[in-house]
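One structure is given below, encoded as structure tokens.
The values are calculated or read from the model by the stated rules, or taken from the named source; none is laboratory data. Because the structure is predicted, anything quoted here is derived from the model rather than measured. Here the Cβ positions follow ideal geometry from the backbone for every residue, glycine too, while neighbour counts run over all protein chains shown.
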Amino acid sequence: MSFRKLVSLEIFVHEFFHRPPIVYPFGTSLEPPPQLTTLEYPPRQENPALKVQIRWLIRSDMPETLDIERKAFELPWMEEDFLCVLRQRNCIGMVAEYNHRIVGFMIYELHKAKLHILNFAVDPEFHRQAIGTQMIAKLVDKLSQQRRQEIVLEVRESNLTAQIFFKKMGFRAVLVLRSHYDDTDESAYVMRFSLEEETPAFLFTPENKPIECSPTGYINRIAKFYKSA
């Protein structure tokens, strides 16, 4: 190599390694851009669980219960609908109370071998604070107390958040009820929690009788709430 080419090569190497770094939009030089997944998609923060008192629903709870009902459902029950259902000898209403405020409720039927959830909702302002979890835990505790072996409910096919929540709580889909809801002709999944190991799905026969005073016919309703309700 000639002397002139050698000098030119040395000058090139010197300039290459001592020139100012090229700044790219990411704010770095020639190094690859930083990983953005953690910065762009931070983990979703869960609200701390609220310790609620779960007790019987009484008449003075009705205004707050109706308010949650209107927030949770497009076609809410009226007060007369609640009273009609609760007059049935085997129907029970319970509420979740926090700081003297009703934040959730459930209506269920008592049967010889099971509990059947008819209406279940959590105030949207208190979603993801384990209120629904505590309500279901209360029902599960009643299975051992009253010697009933299972809890059943119907949930709309489109209500994915409720399906995920109940699956997390140990429920399994055991049956599909085609065109179960009169308002949209939508199908429903029958979901079941059982203290027993396994029971064949074909032995399950849900009570789908409409209550005459209910304007919606089939009254089984589960609100759309988050996975960690």
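Residues considered: GLU97, GLU109. Of these, the only one that is of a type in the set (Asp, Glu), part of a strand (DSSP E or B) and over 23 Å from TYR189 (Cα atoms) is GLU97.
Applying a threshold of 6 Å to beta carbon distances and a minimum spacing of six or more residues, or different chains, the list of pairs starting in region 124-136 at a residue that is in contact (Cβ under 8 Å) with a residue 40 or more places away in the chain and ending at one that is of a type in the set (Val, Ile, Thr) reads PHE126/VAL103; ILE131/VAL52; ILE131/VAL103; ILE131/VAL122; GLY132/VAL122; GLN134/VAL52. Among residues of region 128-175 being of a type in the set (Phe, Trp, Tyr) and part of a helix (DSSP H, G or I), the one that is nearest to PRO48 (Cα to Cα) is PHE165. Filtering LEU50, LEU30, LEU75, LEU66 for residues that are at pLDDT 85 or above, outside any helix (DSSP H, G or I) and in contact with a Pro (Cβ under 9 Å, 6 or more places away or on another chain) leaves a single hit, LEU75.
Filtering region 171-191 to residues that are touching a helix residue (DSSP H, G or I) at 6+ places or on another chain (Cβ under 8 Å) and not aliphatic (A, V, I, L, M) leaves only TYR189.
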